[in-house]
Amino acid sequence: MPSTTPYSIPRRVPLTLTGIALVLAGSLVPAGRAEAAETLLSQGRPVAASSRHSSSYGPAMAVDGDLVSTRWASRSGSRPQWIRVDLGAVVPISRVRLFWEAAYGRAYRIQVSDDASAWTTVYSTSAGDGGLDDLTGLSGSGRYVRVYGTARGTSYGYSLYEFQVFGGAPDPTPTPTATASPTASPTASPTLPPGGGGFVAAAAGDIAAPCSAASASCAHPKTAAQVEAMNPAFVMTMGDNQYNEGRLSDYQKYYDQSWGRFKSKTRPVPGNHETYDPAGASAGYKSYFGSLATPQGKTYYSYDQGDWHFVALDSNNFNQAAQLDWLRADLAANTGKCVAAYWHHPLFSSGSHGNDPVSRPVWKILYDARADLVLNGHDHHYEWFAPQNPDAQADPNGMVEIIGGMGGASPYPVENVQPNSRKRLTGVYGVLKMNFAPGAFSWQLIGTDGAVKDTGPTYACH
């Protein structure tokens, strides 16, 4: 039996099919029983993990209610490893059940966090022996709960048939009824590639400097190679796609030779450099992208993919009422899908350009519509902000903003760190790998060397 901390007293149940049925029956307590105050919070929620053994053992398999045929497995032979579930809101946590496969954790911690950054340990052991760990009497609260393994019980990794989290508050969203049926369908994890309603999109701004792959210092062919490697459902560009004036001849000479290979599935927006074209504002941009630049007759438009509604905006014209009126109408017509918006000029930035108030009216409209995510360029660095409102106040009902202006133009320094900024990188080129799932999103920054430079938290949609 594991050694316990003062937080809990674990109970162990043999992991047989009979035991599974009894445990699941105990999870669904009829009204009037003492345990009825405990609600299963984790099933079907967004989940992430430090690694996976293969695509067949993704973290979503640990919260799908199937204790027989699906499981999460980490990479073998390395530590520490973790799996994290997003409950969607800060709630009290009273119990955790871990259904270990043969590859179990000898030493691990149960930790809670409000922001997936600062963690508090509510249980730990160094004498785990597999089977079922039923950890009761936990005292803590958080939006995120994770199992953090520090020592393996076998030569393999860590593997869980199911990771159940219970609390005394109602589940923030309805969860499926637990079942031992081997036909239960797993919920797609935001970190999984397309499938089960989830998909990957690539995003970057500030892309094609006037250089080519013949120059070792030319970055946009290298970022294009990373887009190709991730094979996204579509590509979002956040403006300043072509330097320095966005002429059609430059698009053809530079952008087309790298990012042009994804042109047919690119969903672009213009930046300020597109407006410098001597042939007319955004003339080269419109000529190069054709109907992709104006699919609805304007340089702003919207489209749907899976459970997501995407809004592509032209921040060069945020002072025009027509675009703002269109945005309000578009969001009002949205039928309950998660909302992501992208444009060039960020309202919040710690970089050289800094905060751009031109975007404040758009932020207010999106915030009132309970949008979830904003993507921007303009400043040539990487940065992400925790959910906030248009007045830069931390707000769980606010939007996550990510700046991804590292598509190929020369990097800018970080100069004045803004409130709610959580991570900043400069001097690095890369592409945002956006992972969209039903009801949630997460992301990674992929560098030109193919390495993951940063991984964002998993956020549930509003």
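Read the figures in this text as sums done on the coordinates, not as results from a lab. Given the structure is predicted, the values throughout are model-derived calculations rather than measurements. Counting neighbours? That spans all protein chains shown, and the Cβs are built from the backbone with ideal geometry, glycine included.
Fully extended, how many nm does the chain gain between Ser249 and Ala451 (0.36 nm per residue separation, minus their Cα-Cα distance)?
69.4 nm
Under 12 Å from the Cβ of Glu274, count the other residues' Cβ atoms, weight Lys and Arg +1, Asp and Glu -1, and hand me the total. Walk me through the numbers on the way to the answer.
On the way: positive: Arg247, Lys286; negative: Asp206, Asp240, Glu245, Asp250, Asp277, Asp314.
In short, -4.
Report the Cα centroid-to-centroid distance between region 72-90 and region 329-399 in angstrom, as an integer.
So the two Cα centres are separated by 29 Å.
Output the Kirkwood hydrodynamic radius of region 198-278, Cα pairs only, in Å rounded to one decimal.
Working: mean 1/r = 0.0791 Å⁻¹.
Hydrodynamic radius (Kirkwood, Cα only) of region 198-278 equals 12.6 Å.
For Ala118 and Asp256, FRET efficiency with R0 = 60 Å and r from the beta-carbon atoms, rounded to 0.05? Mind dumping the intermediate values first?
Values: r = 46 Å, r/R0 = 0.76.
My answer for the efficiency is 0.85.
Give, as a single signed number, the net charge of other residues whose beta carbon lies under 13 Å from the beta carbon of Trp326, with Lys and Arg counted +1 and Asp and Glu -1.
Details: positive: Lys298, Arg328; negative: Asp314, Asp325, Asp330.
With Lys, Arg at +1 and Asp, Glu at -1, the neighbours total -1.
Report the local net charge at Ser69: Lys and Arg +1, Asp and Glu -1, summed over other residues whose C-beta lies under 12 Å from its C-beta. Don't skip to the end; give the middle numbers.
Numbers: positive: Arg71; negative: Asp64, Asp66, Glu101, Glu162.
Overall, the nearby charge balance is -3.
Here is the link list: Lys265/Lys286; Lys222/Lys453; Lys222/Lys263; Lys298/Lys337. Which ones come out longer than 21 Å on Cα distance? Can you show the working numbers first?
Details: Lys265/Lys286 16 Å; Lys222/Lys453 15 Å; Lys222/Lys263 16 Å; Lys298/Lys337 23 Å.
In this structure, Lys298/Lys337 lie more than 21 Å apart at Cα.
Let me make sure I get this right: for region 199-460, a, b and c are the square roots of the gyration tensor eigenvalues over alpha carbons, sorted descending. Under 1.5 in a/c it's rounded, otherwise prolate if a/b > b/c, else oblate. Which is it? Spell out each step's value before the answer.
Values: a/c = 1.42, a/b = 1.20, b/c = 1.18.
Because its axes are fairly even, with a/c under 1.5, region 199-460 counts as rounded.
Spin-label point model (7 Å from Cα, Cβ direction): what's the Ala329 to Thr154 distance in nm?
6.1
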